[in-house]
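Trainee: Please see the structure below; I have some questions.
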Amino acid sequence: MKELIETIVKPLVDFPDEIRVDVDEDATRITYHLTVNKADMGKVIGKQGRVAKAIRTVVYAAGSSQQKKIFLEIGE
């Protein structure tokens, strides 16, 4: 899943080397923390959050076969 998130986000940003995806997993959920350069935040979020929503939709669909809930948090 980390590779999927990186593959989606890399073409969107100016600093692809600064993309980092961390994973927190517990009994009922998996949380992916996407960190990008501060200058790239607007590109990843998009107008009115549309790009972020599209990324989350793809990630949630890819993880729907797992038994745990999946969350994606975007930060700088």
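Trainee: At 0.36 nm per residue, minus the direct Cα-Cα distance, what do Lys38 and Glu73 gain on full extension? Give it in nm, one decimal, please.
Mentor: Separation in residues times 0.36 nm, less the Cα-Cα distance, equals 11.1 nm.
Trainee: When N is the residue count of the chain, what does its C-alpha Rg come to as a fraction of 2.2 N^0.38 Å?
Mentor: Dividing the Cα Rg of the chain by 2.2 N^0.38 Å gives 1.06.
Trainee: Quick one: of the DSSP bridges fully inside region 24-76, what percent are antiparallel, nearest 5?
Mentor: Expressed as a percentage, antiparallel bridges in region 24-76 total about 20.
Trainee: Report relative contact order for the chain in percent, whole number only (criteria: Cα-Cα under 8 Å, sequence separation at least 6).
Mentor: So the answer I get is 35 percent.
Read-outs throughout are calculated quantities, based only on the coordinates presented, and are distinct from any laboratory measurement. Computed from a predicted structure; not experimentally measured.
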